[in-house]
Amino acid sequence: MRSNELLSIIVPVYNVKDYLSRCINSILCQTYSNFELLLIDDGSTDGSAAICDQFQTIDQRVKVLHKKNRGVSSARNAGLDLSKGAYIGWVDSDDWIDPDMYSTLIFLLLEYKADVAECKYIVENADGQLSSPKTVNEISSGSGYFMLEMYLEELIFGGVATKLYRNYTFDDFRFPEGRIYEDRTMVLFSCVNNFSFVSTPEIKYHYFFREKSITTSSISEQYARQYIFMIQRFLLLANSITDIERKHETIKKILQESVTWYIRIGRELKTKNCKIYLSLLKQSSGINILSLLQSPNIHLKTKLTLLLLHLGLINSYRTFYNVATIFGK
């Protein structure tokens with residue numbers, strides 16, 4: 001199947017002058033050529049704005065909006081308001097994509113009559129490849145519940161950057177401003193609205209790992225709040241599943257992820273309110289520490305970690321973690 005409908009590619013830009021040209025050039029080289037590239041400059045102060053303007057002068061498909069700095073959600077929303085395409089795609093301004101990424105995703109949308117299509121990504125840094133995500137070896141498709149299950153299995157990326165959406169999926173959605181990982185709320189929205197989804201195992205997106213980027217920094221209180229909100233919404237969605245076995249399996253996966261983040265919050269949230277957020281996460285997700293301590297399927301190290309955090313011995317856990325890391329245990 002072929003399509004020649006307009007594709008809108010939205011790139012929020014903020015102080016990424018060292019990476020921005022690579023990102024834009026990878027988009028301009030797309031084999032699917034009928035697109036508009038919306039560069040939303042969110043008040044950059046490092047010269048990124050001038051790079052945006054330069055590309056606008058050399059390719060008529062590039063459109064630039066300069067705005068005051070209000071964060072990535074505000075920039076994404078501004079891009080949505082300007083977009084005219086039948087399809088909506090996203091690229092982060094320090095990442096880059098393969099030349100056939102959007103032709104591949106548009107084909108999948110049409111072939112599977114889907115609302116959302118996704119490719120896989122690879123994580124790279126300045127020295128080369130770091131890692132690639134878990135994946136399946138074939139194209140998979142399904143409903144919103146299927147997307148939730150894939151997300152909980154870490155088989156799909158939580159953000160929007162690796163995905164292509166039909167424009168109507170954003171009719172009633174805008175990114176919440178002032179939140180970390182705000183684009184993950186679109187996964188939740190897609191699940192709740194039961195959007196059909198198709199995923200290919202082909203790697204087409206290159207995620208650039210930067211030590212100081214928002215997504216690689218330690219957990220903040222803001223992110224802890226956002227994560228707890230997401231868990232609450234995922235549990236509401238899981239509880240609406242009519243198939244009892246599928247419901248229980250989905251809730252089990254949500255609990256497993258909650259335990260992982262319970263430990264991470266205990267390790268990384270460097271504020272006096274750490275105990276409060278640990279307690280909120282336990283209440284929101286239904287984590288039962290005593291039951292986990294009795295489970296034969298949980299490693300002794302994890303049990304000791306959970307016990308220390310449950311008792312509020314945050315500093316003792318962090319000391320234990322650092323020692324275990326040094327000795328590789």
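Each value in this text was obtained by applying a stated rule to the coordinates, not by laboratory testing. Here the structure is a predicted model, which is why all the values come from computation and not from measurement. As a convention, Cβ positions derive from the backbone with ideal geometry for all residues, glycine included, and neighbour counts pool all protein chains shown.
Just a few scattered comments:
- Cβ-placed point charges (K, R +1; D, E -1), dipole of the stretch 221-326 about Cα centre in debye, nearest 20: 300
- Kirkwood Rh and Cα Rg combined as Rg over Rh, evaluated for the chain: 0.99
- Residue separation of ASP172 and LYS301 scaled by 0.36 nm, minus their Cα-Cα distance, works out to 41.9 nm of gained length.
- The residues neighbouring ILE139, those whose beta-carbon lies less than 12 Å from its own, together hold a net charge of -3 under the Lys/Arg +1, Asp/Glu -1 convention.
- FRET efficiency estimate (nearest 0.05) - Cβ-Cβ, ASN25 to LYS84, R0 25 angstrom: 0.65
- When the chain is treated as a Gaussian network with alpha carbon springs shorter than 10 Å, the biggest mean-square fluctuation among LYS17, LYS120, LYS67 belongs to LYS67.
- Ordering TYR207, PHE189, ALA49 by Cα displacement along the dipole of the chain toward the positive end leaves PHE189 in first place; charges were set at the Cβ atoms of Lys, Arg (+1) and Asp, Glu (-1).
- Highest GNM mean-square fluctuation among SER190, SER240, SER199, for the chain modelled with Cα contacts below 10 Å: SER240.
- Computed over neighbours whose Cβ is under 12 Å from that of ILE203, the net charge equals -3, Lys and Arg +1, Asp and Glu -1.
- Ranking of TYR227, TYR14 by count of other Cβ atoms within 10 Å, fewest first: TYR14, TYR227
- Among the listed pairs LYS253/LYS282; LYS113/LYS163; LYS253/LYS275; LYS120/LYS204; LYS63/LYS84; LYS252/LYS282, those with a Cα-Cα distance over 18 Å are LYS253/LYS275.
- Taking amide H as placed 1.01 Å from N in the peptide plane, PHE35 has its amide H under 5 Å from the amide H of LEU7, each at least 5 places away in sequence or on another chain.
- Rough spin-label spacing in nm, given labels placed 7 Å along Cα→Cβ, for LEU6 and LEU311: 6.4
- Rounded to the nearest 20 debye, the dipole size of the chain about its Cα centre is 1380 debye, using +1 on the Cβ of Lys and Arg and -1 on the Cβ of Asp and Glu.
- Dipole of the chain computed with +1 at Lys/Arg Cβ and -1 at Asp/Glu Cβ about the Cα centre; of LEU80, GLN222, ASN288, farthest Cα towards the positive end is ASN288.
- By the count of other C-beta atoms within 10 Å, a proxy for reagent exposure, PHE146, PHE229 are ordered fewest to most as PHE229, PHE146.
- Take every Cα pair under 8 Å whose residues are at least 6 apart in sequence, average their separation, divide by the length of the stretch 7-216, and the relative contact order is 26 percent.
- Largest GNM mean-square fluctuation among LEU188, LEU290, LEU109, using the chain with Cα springs under 10 Å: LEU290.
- Charge tally in the Cβ shell below 12 Å around CYS191, where Lys, Arg are +1 and Asp, Glu are -1, CYS191 excluded: 0
- Equivalent-ellipsoid semi-axes for the stretch 221-326 (Cα gyration tensor, √(5λ), whole Å, largest first): 25, 17, 10.
- Dipole-positive endmost among ILE40, LEU110, ASN69 within the chain (Cβ charges, Cα centre): ASN69
- Exposure proxy order (Cβ contacts within 10 Å, fewest to most) of THR104, THR242: THR242, THR104
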